[in-house]
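The values are calculated or read from the model by the stated rules, or taken from the named source; none is laboratory data. Remember, predicted model here, so these are calculated numbers, not experimental data. Using ideal geometry, Cβ is built from the backbone for each residue, glycine included, and neighbour counts are taken over all protein chains shown. Note: accessible area is taken over every heavy atom of the protein model, side chains too, but ligands, DNA and RNA are not part of it. Shrake-Rupley method; radii C 1.70, N 1.55, O 1.52, S 1.80 Å.
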Amino acid sequence: MKFIVSSASILKHLQLISGVLNTSNTLPILDDFLFEVDQNSLKITASDLETTMTTQMKVESKEEGEIAIPAKLLLDILKSFPENPLTFTIDRENQSIEITSEQGKYKLTGHPATEFPKTPEVEKPVNVEINGTSLAEAIAKTVFATGNDELRPVMSGVFFQLDGEGTTFVATDAHKLVKYHRYDSKSEKSASFIMPKKPLNLLKGLLSGNKDDISVEFNETNARFSLKEAVLVCRLIDGKYPNYEAVIPKQNPNKLTIDRVVLLNSVKRVSIFSSKTTHQVRLKITGSELQISAEDLDFANEANERLTCQYEGEDIEIGFNAVFLIEMLSNLNTEEIFLELSEPNRAGILKPCVKDEAEEILMLVMPVMLNNA
């Protein structure tokens, strides 16, 4: 089996799907890329059993065949080439691969393609089209809020909820929660699934700059995302997602309006002086003044800043984990935000001040107990 391909082009396609590869695999074959040549087309697959990515490209070939090629070795040699045509000559009887370039010849040994896991089929799927930009935005605004608790796997992914009104994306780790809704991505059939973090991050990378509609097919076990450059198939998280609406406080009489970047920078500065275990920052709101403070009693460090804000409600003092606040403020992109509060022991709600016709976002952060000693 023989084919000719551009070194830069094949490297680009391999890098597109190489994020699937793990540093340590239980099956050695998962350290390989699967190459399938059919006339003038080369299909390349990478898998970790849970997630499979494929990409397709044109090559010069009149033959067909398949082989698994060690990924790291192939990537390393391709990165070192200047742009020039490469000839791959593969002997499938002894799994030998010879790469010929303008500089020389390189030999490596592959593995039988039959050992490579088959890409799962998504049988009897629900189909939906989602705009690439909208999906990338949804992933970016939610994936940071997913949990890492192995005992609660459903919270380690993003919950997709589709219906005729649009698509809602939810992520939570029990300390923070993000609910993001797109009105421009609708499904005729009501359906939902929980997608793991790793394929979400891979998908976010694939969607960078992609404004086309993405075909999404899913059933109870798998989801398939089809783009122009690549296809991603992943196993979904099995289980019932928690009732997130129940934890969002509906009555929040205290409403703070403030410049997002001003608040973000203030929390960043003050949090440097907070306890390294709790990362607690204290927000004290009186009238139109917001006082942000933090202290680390172990090292006698403390910081205090005063900001001007618009505020409706009773004076309140509440503590938050600065890491969570910074993450949330960094993932909102409006000039001004609302911080809605009810009690010092109830969750705070962050929302953009300006409503967007295509999207709606709500971020919830749980308070931390203030140390008033």
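Of note:
- Here is the figure for the stretch 197-221: residues that are crowded, with 20+ Cβ neighbours inside 10 Å and either of a type in the set (V, I, T) or over 17 Å from the mean Cα position of the chain (by Cα) (or both) total 3.
- Yes/no for I69 being closer than 30 Å to E220 by Cβ and either in contact with a Phe, Trp or Tyr (Cβ under 9 Å, 6 or more places away or on another chain) or part of a strand (DSSP E or B) (or both): no
- I194 in contact (Cβ under 8 Å) with a residue 12 or more places away in the chain and more than 22 Å from A145 (Cα to Cα): no
- Identity of the residue in the stretch 284-311, more than 24 Å from K255 (Cβ to Cβ) and in contact (Cβ under 8 Å) with a residue 12 or more places away in the chain, that ends up surrounded by the most Cβ atoms within 10 Å (Cβ to Cβ): E295
- Considering E137, E115, E98, the condition of being without any contact (Cβ under 8 Å) to a residue 12 or more places away in the chain, surrounded by 13 or more Cβ atoms within 10 Å (Cβ to Cβ) and on the phi < 0 side of the Ramachandran plot is satisfied by E98 alone.
- Screening the candidates T54, T26 for the property of being among the hydroxyl-bearing types (S, T, Y), open to solvent by 10 Å² or more (accessible area, probe 1.4 Å) and at pLDDT 95 or above yields one hit, T54.
- Selection count where residues are part of a loop (DSSP other than H, G, I, E, B), open to solvent by less than 80 Å² (accessible area, probe 1.4 Å) and not small (G, A, S), scope the stretch 235-266: 7
- Given (1) modelled with pLDDT of 95 or more; (2) open to solvent by less than 30 Å² (accessible area, probe 1.4 Å); (3) in contact with a helix residue (DSSP H, G or I) (Cβ under 8 Å, 6 or more places away or on another chain), number of the condition D31 does not satisfy: (2)
- Top-ranked residue of the stretch 339-358 - restricted to ones that are under 18 Å from A145 (Cβ atoms) and among the hydrophobic types (A, V, I, L, M, F, W, C), ranked as surrounded by the most Cβ atoms within 10 Å (Cβ to Cβ): L339
- Condition check for I361: in a strand (DSSP E or B), touching a helix residue (DSSP H, G or I) at 6+ places or on another chain (Cβ under 8 Å), of a type in the set (V, I, T) and surrounded by 19 or more Cβ atoms within 10 Å (Cβ to Cβ): yes
- From the options L34, L49, L16, residue that is in contact (Cβ under 8 Å) with a residue 40 or more places away in the chain, out of contact with any Phe, Trp or Tyr (no Cβ under 9 Å at 6 or more places or on another chain), farther than 22 Å from Q103 by Cβ and not in a helix (DSSP H, G or I): L49
- Enumerated strands (runs of 3 or more DSSP E) restricted to the stretch 290-332, each holding at least 2 residues that are of a type in the set (V, I, T): 316-321
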